[in-house]
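The values are calculated or read from the model by the stated rules, or taken from the named source; none is laboratory data. Note that the structure is predicted; figures quoted are calculated from it, not measured. Glycine also receives a Cβ, built like all others from the backbone with ideal geometry; neighbour counts cover every protein chain displayed. These accessible areas exclude ligands, DNA and RNA; they are computed on the full protein's heavy atoms, side chains included. Shrake-Rupley method; radii C 1.70, N 1.55, O 1.52, S 1.80 Å.
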Amino acid sequence: MTAPGTGGGPASQTGDRAAARSPAGRGLRPGYGLAVAAVLLGLLAPLLGSDQRMPATGVPELTAELATGAPLIDAVDLAARIRAGEPTTLVDVRDSSAFIRFAIPTAERWPVGRLASLPEGGGPIVLYGDGDGTAARGWLLLRRLGHPDVRILERGVVGWIDGILEPVLPADSPEERARYRRVADLSRYFGGMPRVGEPALERQRSAESAVRLLSRRGCY
Amino acid sequence: MSAPFYELGAFGEVGSLVWALVIGVGFGWFLERGGLGNARKLAAQFYLTDFAVFKVLFTAVVTAMLGLFWLGRFGVVDLGLVYIPPTFLVPHLLGGLIFGVGFVMGGLCPGTSCVAVASGRADGLAVVAGMLGGILVFGEAFPLVARLYDATPLGTLTLPEATGIAYPIVVAAVAVGAVAAFRGAEWVEARYR
């Protein structure tokens, strides 16, 4: 029998019986053994625990850093580092078939799920993908793991192809000619085909189509 | 380190959704077995006559705190990869107030309303409908509240960082404080019941 005004029906009676059976229904008197265990584990923490803290750089700070473009590196700067032999860990986060089909020289393939095992190699870690956000996810993971210098190749594989393998640059002014010579030298070093001209507006194309066009040239 | 599992690539996107479903069902089951599918019991928390909500949830907090601390201590969990929601002070206070008013009026929170529906309660259905309606209204009105939504960001804030007290000492204080809080809750219950 339910008390007046409680609107008892089958569902509420079942719930009320469940509530009455439950520890909460009996006022949830703490299980003394569990309470003692919790207090002991808590008191042992300062004695046996390490002073492990959450990292000072949280996700919002890292997201803001990513939004300002701070961790990006462009293809020309990357190519200069590789050619000069400066310590750089270049990481390809794409799948194995894409990596086999085309990869930037000196790159190692590390899926995001295994990046936690990436050994320290000295110098910055540069990630690149095919523009689907995987490199950004890898960057976030590595920064949260405490790697201080992690960068993302701007525009990924497409950025490398457009910037180094098929660069189109103006050469009208002395400054432009100097830049063209620098980029062209790097481009030829990596087997590219630099051209003088007005660069088209940044092409919106996928990494797959960019690599396919490279293949048609017979170079890859 | 083998955890957090998702961050360390133990399973992918689909696997994470499967585990979310498993954990969600388990969480709902434990809530129902704890009696938290009963609106009268939940509302009684606000009238200080039944501290079941406080006891169940604080027990969960202490269990998770001790579990994470010791698993981190023994190298099983990388605490640096555990996601901590950022704090936005004013929006959180305002949202908490709205949430609390709705909670005491309906006697159910979003999670326990689903538990109540699963238990066959019509009041749970009403709260779920209200929750979904509220989500729709919030989504449609978001441009009007977008500035408030992002106001007063404090970043990720933990008790050790906020107080400057070492993490292990905070763990000890919370564990001991929980037992004291439970005794205090029972005293209040006896006084107001």
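What number of residues in the range B:80-90 are within 14 Å of another protein chain (Cβ to nearest Cβ) and in a helix (DSSP H, G or I)?
3
Kindly establish whether A:L141 is buried (at least 18 other Cβ atoms within 10 Å of the Cβ), more than 20 Å from A:D162 (Cα to Cα) and within 11 Å of the chain's Cα centre (by Cα).
In short, yes.
What residue, among those in the range B:158-193 that are at the interface with chain A (Cβ under 7 Å from one of its Cβ atoms) and not in a helix (DSSP H, G or I), is farthest from B:D50 (Cα to Cα)?
The selected residue is B:A166.
Being surrounded by 17 or more Cβ atoms within 10 Å (Cβ to Cβ), within 15 Å of the chain's Cα centre (by Cα) and either at pLDDT below 85 or outside any helix (DSSP H, G or I) (or both) is the requirement here; does B:L8 meet it?
No.
Could you tell me which residue of the range B:56-74 is most open to solvent (accessible area, probe 1.4 Å), considering only residues that are within 28 Å of B:A122 (Cβ to Cβ) and more than 10 Å from every other protein chain (Cβ to nearest Cβ)?
Among them, the one singled out is B:L57.
Just name the residue that is farthest from the other protein chains (Cβ to nearest Cβ) out of those in the range B:104-126 that are of a type in the set (A, V, I, L, M, F, W, C) and touching a residue at least 40 places away in the same chain (Cβ under 8 Å).
B:V104
Take B:T163 and tell me if it is within 30 Å of B:T63 (Cα to Cα) and open to solvent by less than 30 Å² (accessible area, probe 1.4 Å).
No; evaluated as a whole, the condition is false for this residue.
Of the residues B:T49, B:T63, B:T59, which is of a type in the set (V, I, T) and assigned to a loop (DSSP other than H, G, I, E, B)?
The match here is B:T49.
Can you name every residue in the range B:11-51 that is surrounded by fewer than 20 Cβ atoms within 10 Å (Cβ to Cβ) and modelled with pLDDT under 85?
B:F11, B:G12, B:E13, B:V14, B:G15, B:S16
Consider B:G37 against the criteria (1) free of Cβ contacts under 8 Å to residues at least 12 places away in the same chain; (2) at the interface with another protein chain (Cβ under 8 Å from one of its Cβ atoms): it satisfies all of them except one. Which criterion is unmet?
Only one criterion is unmet by B:G37, namely (1).
Kindly list, by first and then second residue, each pair from a residue in the range A:139-159 that is over 12 Å from A:P124 (Cα atoms) to a residue that is open to solvent by 20 Å² or more (accessible area, probe 1.4 Å), limited to pairs with Cβ atoms under 6 Å and residues at least 6 apart or on different chains.
Listed pairs, sorted by first residue: A:E154/A:L72; A:E154/A:D74; A:G156/A:D130; A:G156/A:G131; A:V157/A:D130.
Filter the range A:64-87 for residues that are over 19 Å from A:D162 (Cβ atoms) and under 17 Å from the mean Cα position of the chain (by Cα); which is surrounded by the most Cβ atoms within 10 Å (Cβ to Cβ)?
Checked the range A:64-87; the qualifying residue surrounded by the most Cβ atoms within 10 Å (Cβ to Cβ) is A:P71.
If you check B:V101, B:V53, B:V77, which single one turns out to be more than 9 Å from chain A (Cβ to nearest Cβ) and in contact (Cβ under 8 Å) with a residue 12 or more places away in the chain?
Residue meeting the stated conditions: B:V77.
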